[in-house]
Amino acid sequence: MRLLRLWPDESHFDFMRFRRFTFPLSALLSLATVALFLTIGLNFGIDFKGGTLVELQAKSGTADVASIRHTAAGFGFGEPEVQELGNQGTVLVRLPLQPGEQGQTAVMNKAHAAFDKDYDFRRTETVGPRVSGELVQSGTLGVVLSVVAVLLYLWFRFERELALGAIVGTLHDIVLTVGVFIITRIEFNMTSIAAILTIVGYSLNETVVVFDRTRELMRRYKTIPTVDLLNLSINSTMSRTVMTSISSSLSLLALVLFGGEAIKGFAVVMLCGVLICTYSAIFISTPVLIYLGLMLSGARAAAERSSVPQPAE
């Protein structure tokens, strides 16, 4: 029985020719992300900027989101964020951080006075400025340390040129993922940190698979041109790349469509991250090896040395 193949076994598609288009495109998107980050910034959630979060459940089973938003805006505590979770009458109301303990108490008093008649209070969370600041520091430190650990692993895992290419691809994926948060205005909270770290792991997995094949082919074909070598590496792993990307995307698409509002933001970012990582492994990490000088004797000599058995002591 013939197994399903999503990519031809003997494909000779020239992926490297697209580098003159994908490199400027990725550079433009990365610069735009940095500019938007410095001007617009991320849509930080209550975890990072503090405030009061109230989860309401409509007693009638149907919530009037517009009425809730209008009522909450009339409290005089700033612009509220109102989000409906699914279609069962559940609503999240986020109110900005108020100064002092009395300010937060006043928020809850007004909320109960306005919504007790028609809604049940299922959950109430209040995050003060000190706690939110600590979460920002902890989250940032966690991401930075994780990324540094991944970059160190890549540096010791591959030869110099391959390691640099993998590092470029990983940083590229992180930057564009942050751009997704900025453009879509999806709330950036502690769950978002988990999404970024997951995408870093996925990016690492995609890159390592292609580069392992590249290193194997470097040992086998010592005179093949660099462009042909890299095209062969991608074509020989493309079936696995397509299978992994499609299966992951379908799972995440199901979460986006049927998972409910509580995890929709996380699933959307993860779905975009999978697409970004797949694009990066094919059109960024691998082609950049051409400009990093894969043909220099250093990388090939290292690959040859690692394939030669060492004499016994």
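The values are calculated or read from the model by the stated rules, or taken from the named source; none is laboratory data. Only a predicted model underlies this, so the values are computations on that prediction, with no experimental measurement involved. No Cβ is skipped: glycine too gets one built from the backbone with ideal geometry, and neighbour counts run over all protein chains shown. Heavy atoms of the whole protein, side chains included, go into the accessibility calculation; ligands, DNA and RNA do not. Shrake-Rupley method; radii C 1.70, N 1.55, O 1.52, S 1.80 Å.
Worth a mention:
- Under the span-like rule (Cα at least 27 Å along the axis, Kyte-Doolittle mean at least -0.5), DSSP H helices of the chain: 19-39, 129-157, 160-184, 190-220, 226-258, 261-280
- For the chain, the Cβ-based charge dipole about the Cα centre amounts to some 760 debye (Lys, Arg positive; Asp, Glu negative; other atoms uncharged).
- Stretching the chain fully between Asp14 and Glu216 yields a gain of 70.8 nm (0.36 nm per residue, less the alpha carbon separation).
- For semi-axes √(5λ) of the Cα gyration tensor in Å, calculated from these coordinates, the label among (1) 46, 22, 17; (2) 38, 36, 18; (3) 49, 21, 16: (3)
- The mean sequence distance of close C-alpha pairs (under 8 Å, at least 6 residues apart), as a share of the length of region 66-121, puts its relative contact order at 26 percent.
- Full-extension gain in nm, Asp120 to Ile224, via 0.36 nm per residue minus C-alpha separation: 30.5 nm
- Ligands, DNA and RNA left out, the 1.4 Å accessible surface of the chain is 63% carbon and sulfur atoms.
- Solvent exposure of region 203-251, expressed per residue, is 41 Å² of accessible area, with all protein chains present and a 1.4 angstrom probe.
- Region 143-223 has equivalent-ellipsoid semi-axes of 30, 12, 9 Å, by the square roots of 5 times the alpha carbon gyration tensor eigenvalues, sorted largest first.
- Computed log₁₀ I(q)/I(0) - Debye formula, equal Cα scatterers, no solvent, region 120-274, q 0.11 Å⁻¹: -0.56
- Spatially close Lys pairs in the chain, defined by Cα atoms under 30 Å apart and a spacing of eight or more places or different chains, total 8.
- Value at 222 nm in deg cm²/dmol, rounded to 500, when DSSP H runs of n ≥ 4 in the chain each add -39,500 (n - 2.57): -22000 deg cm²/dmol
- Order by protection proxy (mean Cβ within 10 Å, highest first), peptides 75-84, 44-53: 44-53, 75-84
- Label separation (Gln102 vs Ile263): 4.4 nm, computed from points 7 Å beyond Cα along the C-beta direction.
- Cut-off 17 Å, label 7 Å out along Cα→Cβ of Leu31, residues of region 155-173 by amide N: 172
- Each peptide among 205-212, 151-158, 273-280, 87-94 gets the average number of other Cβ atoms lying within 10 Å of its residues, and from highest to lowest they stand as 273-280, 205-212, 87-94, 151-158.
- Rough spin-label spacing in nm, given labels placed 7 Å along Cα→Cβ, for Val256 and Ser60: 3.4
- The modelled label-to-label distance for the pair Trp7/Ile40, using points 7 Å beyond Cα in the direction of Cβ, is 3.2 nm.
- Cα gyration tensor shape of region 61-129, rounded if a/c is under 1.5, else prolate or oblate by comparing a/b with b/c: prolate
- Pairs of Cα atoms nearer than 8 Å and 6+ residues apart set the relative contact order; for the chain it is 26 percent.
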